[in-house]
Amino acid sequence: MIVGAFAVYFANLVGERYGVLLALPGFFILVFLFAFARNTLFYLIILFRSVMDPILDATKLGSFGLGAVINALVIAIALIAIFDKPNPVRKVLNETWLPFFVISLVALVIAPSFINALKTYLALLSYASVFALAITLIRNEEDYGRWISAVFLSSLIPVFFGFYDAALGGFASSNGFRINSTFNHPNILAFYLVLMISVGFYFYKAKVSFIPAWLRKSLPIYILIMFSLLLMTKTRSAWVACFVFFSVYAIIYERKYLVFIGLSLVGALMIPEIRDRVLDLSQGNEVVNYSKLNSYAWRKLIWEDGLNWMSPSHYFFGYGLESFRLYSVNFFSMAGGTQSGAHSVFVQLFFETGVFGLSAFIWLHLRVAMLLIPFYKTNKLMIFSGWMFLLEFAFYSYADNMLSYLSFNWYLWFVLGAVYAVNLSKHEKLILDSAKSD
């Protein structure tokens, strides 16, 4: 009776917003799966999170929707997995994420807008939760194959929908034609595609056993399809990251690939829109007004204005989470009454969490990279890929709001956790076999 009465009230509240109306049964389904099949729920999230942004946005009532419910459930699943039984994840989290979370908690307390800061803090917690779940769920190569296949399969709908998006005219942008597929912005799609291209390339070169041989042989075609979509995002930082990934791989492992990389680069620059997008950085560098600034010059201006506005007394702990966007109206010379993000994780964290928070964030990524070092000799290509993912994220973070891109961060941190987990299991197995032989 209570649920029925609430349903009537809820229906009157949302009116004709059918996405919000469907959020109620969606909520009960999620809770049911959490109660009785947590791993299945998380598997479905990994499989379909790449296509859920438009759906979750449609379920929002104010700033709350099913997306917040899913985030909370992922954090809850991770907490249960972490404390369920002894496992290596607690030690890993203490060495990587914990210092950043402690400093971020201080930044949450002093934040000028507690609700916005709390949402950001919970998003960061969800990134660590996904990382932790990968470590707890993957205990052998069979587990790795099942979960990493789900990550790669998550690209199918965004890839095919990307061409549909292109046919409809793409994303409305001042930079001309761009596509965003199932994501909220072309940049998120671009970063996601670089990750999927890299994972697919690893599958192809490593000849992984969990992908049939006939399917593995078709991976280069699928990678080229994703690469064509990557070009249509017009995200220059993702282009550079993809170019660096394959160039470094070619230099270290197979130099014959340098020829293909060079030809691909020349071919891409022969496309007028790609060439214009690259040449755009050579003009509009003088600060006259927003319309005459290229995107990089605009970023440098907001960085300079924000850092110059900071008081030295806030250099250590910053102004609190989500304070950059809030205070940008005060310090940004081209704000025009509109709040703007930092478009740089490093500037944002220095402004919001101070030098301690920024240092903890850098340490987090360096420590994850260090954890992979012992496994390099036994699995060179996978560990190389993991290091490149971290390097790419650092490059993206220089000039984009990467901490806000939840779906991409989930896939990135799950892949990094999976890389660590499967190699740790192999390493422990080798030690155990060696002990038995002795």
- prompt: What percent of all Cα-Cα pairs in the stretch 291-438 falls in each 10 Å bin, counting up from 0?
  reply: 10, 32, 26, 17, 10, 4, 1, 0
- line: For the Val31, Leu279 Cβ pair and Förster radius 51 Å, calculated FRET efficiency rounded to 0.05 is 0.45
query: Relative to the present Cα-Cα distance, how much length would full extension add between Thr40 and Met1 at 0.36 nm per residue of separation?
result: 11.0 nm
message: Over the Cα atoms of the stretch 359-438, what radius of gyration and what Dmax do you get, in Å?
response: 15.1, 53
- line: Sorted by chain and then number, the residues having a modelled amide H within less than 5 Å of the amide H of Phe171, at least 5 places away or on another chain, are Arg178, Ile179, Asn180
- line: Whole-Hz Karplus couplings 3J(HN,Hα) for the stretch 131-138, θ = phi - 60° and coefficients 6.51, -1.76, 1.60, Gly and Pro as x, run 4, 5, 5, 4, 6, 7, 8, 9
- prompt: Cα to Cα, under 21 Å, and not fewer than 8 places away if on the same chain: which lysines meet these conditions relative to Lys60?
  reply: Lys119
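Going highest first, how would you order 193-204, 127-138, 89-100 by mean Cβ packing within 10 Å? Before the final figure, lay out each step's value.
On the way: 193-204: 22.7, 127-138: 24.8, 89-100: 17.8.
Per-residue Cβ counts within 10 Å, averaged per peptide and sorted highest first, yield 127-138, 193-204, 89-100.
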task: Using the Cα centre as the reference, give the magnitude of the dipole from point charges on the C-beta atoms of the chain (Lys, Arg: +1; Asp, Glu: -1; all else neutral), rounded to the nearest 20 debye.
output: 860
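With an 8 Å Cα cut-off and a minimum separation of 6 or more residues, compute the relative contact order for the chain in percent. Provide the component values of the computation, followed by the final result.
On the way: 510 pairs, mean separation 88.1, N = 438.
RCO, the chain: 20 percent.
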- prompt: Just from the alpha-carbon atoms, what are the Rg and Dmax of the stretch 45-122 in angstroms?
  reply: 15.3, 40
field: Quotient of Cα Rg and 2.2 N^0.38 Å for the chain, N being how many residues it contains
entry: 1.02
- prompt: Each label point is 7 Å from the Cα along the Cα-to-Cβ direction; what then is the distance between the points at Leu307 and Lys205, in nm?
  reply: 3.5
Whole-Hz ³J(HN,Hα) from phi, Karplus 6.51 cos²θ - 1.76 cosθ + 1.60, for the stretch 205-214, glycine and proline x: 6, 7, 6, 4, 6, 7, 10, x, 4, 5
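At 0.692 mPa s and 37 °C, plugging the Kirkwood radius over alpha-carbon pairs of the stretch 114-201 into Stokes-Einstein gives what diffusion coefficient in µm²/s?
Working: Rh = 15.4 Å.
The diffusion coefficient I find is 214 µm²/s.
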- prompt: Computed over the Cα atoms of the stretch 1-159, what is the convex hull's projected area averaged over all directions, in nm²?
  reply: 12.0
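Just so you know, all these numbers are worked out from the coordinates, no wet-lab data involved. None of the values given here were measured: they were computed from a predicted structure. Cβ: placed from backbone, ideal geometry, glycine included. Neighbour counts: every protein chain shown.
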